[in-house]
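Written out below as structure tokens is the structure these notes cover.
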Amino acid sequence: MTESTKSTKSIEEKMAEDSFTLGSHTFHSRFILGSGKYSLELIDAAVRYAEAELVTVAVRRANTKEKENILDYVPKTVTLLPNTSGARTAEEAVRIAHLAKALGCGDFIKIEIMRDSKYLLPDNNETIRATEMLAKEGFVVLPYMYPDLYAARALVDAGAAAVMPLAAPIGSNKGLATKEFLQILIDEIDLPIIVDAGIGKPSEACAAMEMGAAAIMANTALATAGDVPLMASAMRDAIRAGRKAYLSGLGRVLTRGAAASDPLTGFLHD
Amino acid sequence: MVTINGEAQAKDGTMLLDFLKEAGYDSRAIAVEYNGAILAKDAYETTSFRAGDVVEIVCFMGGGA
């Protein structure tokens, strides 16, 4: 009997039990959805087709001309993940985190600290400092970072709930430009690795999940697609496919030559 | 003068809650930082602006990677 036929659980049961944990919260969806750069009217459909349980939002100065409240458009079932975008230092990120908490949607915070306005690369050192300060205060801290092993280890020590390395420059849709380094973090860091930024296509999301990423965060891939809910659905399928492949264990790759899958006896010419 | 979201406004003496109503803010959807400290919502009606105050009024907006 092979390993796969020994299992008594159905694929549906296995997938229903598959989850990951951030702080004390358990999530079944491995698709974290951004809500930027597309209309509020599309958010509900995007969240539903993505089957997202975590949705990121930004904190900004309130504009009285803007009467719409994004919270009226996000389904109540999702957990909000405010980010600290706009912060240039750890102190600014902490300030934004406090404001986000005062807005009253829980204790999750995604740290984004960027001092570079051309490439929008995260500042790992400031991110580590902010993670330490906010984790001590009891936030569930998800730091967005440049995929560096030493920085990732420092984030673990600082109390991060997950690590969110970038795949490519934010908003670029360039895919898994940092693939080798993402794999190192997946292999070496004992926290969920959530691949964030740069994923442009479902195939790239699928590949990251096959590598063992815990989840994918995407926004621009949907916001710049032709049909936002349809792309949300495509991403969801790809992330699930990649997760299933990872759980299954990928087939081996031959270094050289070929291997038939057909029987090696009973040929007609024998 | 009071600096509100980066803009100088002649609101000395105005109560915060009155300002928010008059300006059309939905107080459910906002958080207020008053001279660097976040205010509890029940402090909106006990806080009056004084000259030199710095006020930030923020809300959630769409955002992500």
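The range A:30-116: D in µm²/s via Stokes-Einstein (Kirkwood Rh, Cα pairs, 25 °C, 0.890 mPa s)? Diffusion coefficient, whole number: 180 µm²/s. When the surface is traced with a 1.4 Å probe over the full set of protein chains, A:Glu13 keeps roughly 90 Å² accessible. Carbon and sulfur: what percent of chain A's accessible surface (1.4 Å probe)? Looking at chain A in its full context, I get 52 percent from C and S. Contact residues in the range A:75-96 (at least 20 Å² less accessible area with all protein chains than alone, 1.4 Å probe): A:Arg95. Using a probe of 1.4 Å, the accessible surface attributed to A:Thr255 totals some 130 Å² when neighbouring protein chains are kept in position. In chain A, the DSSP-assigned H stretches of four residues or longer account for a calculated mean residue ellipticity at 222 nm of -11000 deg cm²/dmol, using -39500 (n - 2.57) per stretch and the full residue count as denominator. Dividing the convex hull volume of the alpha-carbon atoms in the protein assembly as shown by its residue count gives 168 Å³ per residue.
When you restrict to C-alpha pairs under 8 Å that are six or more residues apart and normalise by the size of chain A, the relative contact order lands at 16 percent.
Summary value for the range A:43-150: 22 percent relative contact order, contacts being C-alpha pairs under 8 angstrom separated by 6+ residues. I'd like to verify something in chain A: which complete DSSP H helices, judged by Cα projection on the helix axis, reach 20 Å or more and average at least 0.0 on the Kyte-Doolittle scale? Answer set is A:228-248. This model, with +1 at the C-beta of Lys and Arg and -1 at the C-beta of Asp and Glu, gives the protein assembly as shown a dipole about its Cα centre of some 340 debye.
Counting only heavy atoms of the protein chains and using a 1.4 Å probe, A:Leu22 has close to 0 Å² of accessible surface. Using a probe of 1.4 angstrom and keeping all protein chains present, the accessible surface of the protein assembly as shown works out to 50 square angstrom per residue.
Projected label points at A:Lys67 and B:Lys21, each 7 Å from Cα along the beta carbon direction, are separated by 1.9 nanometres. Calculate the length of the line joining the C-alpha centroid of the range A:4-55 to that of the range A:120-163, in whole Å. Here the answer is 23 Å between Cα centres. Note on B:19-27: average number of Cβ atoms from other chains within 10 Å of each residue's Cβ is 2. Cross-link check: pairs A:Lys76/A:Lys174; A:Lys37/A:Lys201; A:Lys14/A:Lys201; A:Lys37/A:Lys76 evaluated at a Cα-Cα cut-off of 23 Å; pairs beyond the cut-off: A:Lys76/A:Lys174; A:Lys14/A:Lys201. The three principal axes of the C-alpha atoms in the range A:119-160 carry coordinate ranges of 31, 19, 13 Å, sorted with the longest axis first. The listed residues A:Lys174, A:Lys14 rank as A:Lys174, A:Lys14 when sorted by accessible area, largest first, using a 1.4 Å probe. Total buried accessible area between B and A, probe 1.4 Å, nearest 100: 2300 Å².
Legend: mean number of C-beta atoms from other chains within 10 angstrom of residue C-beta atoms, peptide A:26-39, equals 2. Less than 5 angstrom separates the built amide H of A:Ser172 from those of A:Gly198, all sequence-distant by 5 or more or on a different chain.
Taking 0.36 nm per residue of separation and subtracting the Cα-Cα distance, full extension of the segment from A:Asp18 to A:Leu230 would add 73.9 nm. Across all directions, the average projected area of the convex hull around the alpha carbons of the range A:47-163 is 8.1 nm². Mean partner shielding of peptide B:35-46, defined as the number of other chain Cβ atoms within 10 Å of each residue Cβ, is 1. Its residues counted as N, chain B yields a C-alpha radius of gyration over 2.2 N^0.38 Å of 1.11. A Förster distance of 22 Å, applied to the separation of the beta-carbon atoms of B:Ala51 and B:Glu7, puts the FRET efficiency at 0.90. The residues B:Asp18, A:Asp107, sorted by heavy-atom accessible surface at 1.4 Å with ligands and nucleic acids left out, run B:Asp18, A:Asp107 from largest to smallest.
The values are calculated or read from the model by the stated rules, or taken from the named source; none is laboratory data. Computed from a prediction, not measured in an experiment: that's the story for all the values here. So basically every Cβ, Gly included, is an ideal-geometry build from the backbone, and we count neighbours across all protein chains shown. Side chains included, ligands, DNA and RNA excluded: accessible areas come from the protein's heavy atoms. Shrake-Rupley method; radii C 1.70, N 1.55, O 1.52, S 1.80 Å.
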